[in-house]
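Below is one structure, written out as structure tokens; the observations come after it.
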Amino acid sequence: MHKKLLTYSIIAGVLLILFCALTVSLTFVDVREAGESGASVGFATLNEAVFEALGQDEICLKLSDLCGVLMIAAVGAFGVTGLVQVIRRKGILRADKELYVMAGGLALLAVAYLFFEVVVINCRPVLEDGELAASYPSSHAMLAVAVAGMGAAYLFKYLKPEFLNGLLCGFLVGLACVTVTLRLFSGVHWLTD
């Protein structure tokens, strides 16, 4: 168990370092005005080329919003699971510890979201209600990846039978991949978001 935890901690640390490196790079590398919004964006040549190749798609935007709602519903389902466990087990500390870890992870995600609303790295390639809006990192993508990752890990450990476990884990991971892809194809985010 400790070896697995160490491995996961190393992977998480490496991913965090890569995220920080990308974030810093976006403030210095190829920064110029791009997109229909005229926003200043990092990796502008790459981001603009992908944006121009994909364009905008209203259907992808609506589907990505639906995926976001499904991810929030998944968060609610895990919250209800924790609440039921607290009631049935007669104690707030008797719910599965992984649910508390998930709640903490989602709290950190909320803090990161608020941070990037204040510290704007990139703005959307298109105006939102006539205004520039922060786009990095995509809140839909952050939520989808976090919920899929933490949710699948929880389900994998506790849900039986294995068929149902695999089905739900696959659904969450697939939904995360679809959400991230749809956000890019909708045209409201840059590739680096």
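The values are calculated or read from the model by the stated rules, or taken from the named source; none is laboratory data. All figures in this text were calculated on a predicted structure; none of them were measured in a lab. Reconstructed Cβ throughout: ideal geometry from the backbone, glycine too, with neighbour counts over all protein chains shown. These area figures cover heavy atoms from the full protein model, side chains too; ligands, DNA and RNA do not enter into them. Shrake-Rupley method; radii C 1.70, N 1.55, O 1.52, S 1.80 Å.
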Subject >> Average accessible area per residue (Å²) across the chain - probe 1.4 Å, nucleic acids and ligands excluded >> reply: 60 Å²
Subject >> Rounded, prolate or oblate (a/c below 1.5 giving rounded, otherwise prolate when a/b exceeds b/c) for segment 116-178 by Cα gyration tensor >> reply: prolate
Original post:
Given a 1.4 Å probe and every protein chain left where it sits, what share in percent of the accessible area of segment 61-193 is carbon and sulfur?
Top reply: 75 percent
**OP:** Name the residue farthest towards the positive end of the dipole of the chain from the options 156, 69, 87, assuming +1 on Cβ of Lys and Arg, -1 on Cβ of Asp and Glu, about the Cα centre.
**Re:** 87
Original post:
222 nm [θ] for the chain, helices only, -39500 (n - 2.57) per DSSP H run of 4+, per residue, to 500?
Top reply: -24500 deg cm²/dmol
**OP:** Using the Cα centre as the reference, give the magnitude of the dipole from point charges on the C-beta atoms of the chain (Lys, Arg: +1; Asp, Glu: -1; all else neutral), rounded to the nearest 20 debye.
**Re:** 1580 debye
Original post:
Taking the Cα centre of segment 40-193 as the origin and placing charges on Cβ (Lys, Arg +1; Asp, Glu -1), which of 170, 192, 101 is farthest toward the positive end of the dipole?
Top reply: 101
Subject >> Reference-scaled alpha-carbon Rg (2.2 N^0.38 Å with N residues) for the chain >> reply: 1.15
**OP:** Please list 8, 154 in order of solvent-accessible area, largest first, computed with a 1.4 Å probe with all protein chains present.
**Re:** 8, 154
Original post:
Roughly how many Å² of residue 94 are accessible to a 1.4 Å probe, to the nearest 10?
Top reply: 140 Å²
Original post:
Projected onto the charge dipole of segment 19-133 (+1 at Lys/Arg Cβ, -1 at Asp/Glu Cβ, origin at the Cα centre), which of 29, 60, 45 gives the Cα projection farthest towards the positive end?
Top reply: 60
Subject >> Interchain or long-range residues, amide H under 5 Å from residue 128's placed H >> reply: 133
Original post:
When Lys and Arg each count +1 and Asp and Glu each count -1, what net charge do the other residues less than 11 Å away from residue 86, Cβ to Cβ, add up to?
Top reply: +3
Subject >> Pairs of lysine residues in the chain - Cα separation under 27 Å, sequence separation of 8 or more or cross-chain >> reply: 10
Subject >> Inter-site label distance for residue 101 and residue 85 at 7 Å from Cα along Cβ, in nm >> reply: 1.1 nm
Original post:
Which helices, counted as full DSSP H runs in the chain, have an axial Cα extent of no less than 20 Å and a Kyte-Doolittle average of 1.0 or above?
Top reply: 2-26, 58-89, 97-118, 139-158, 162-186
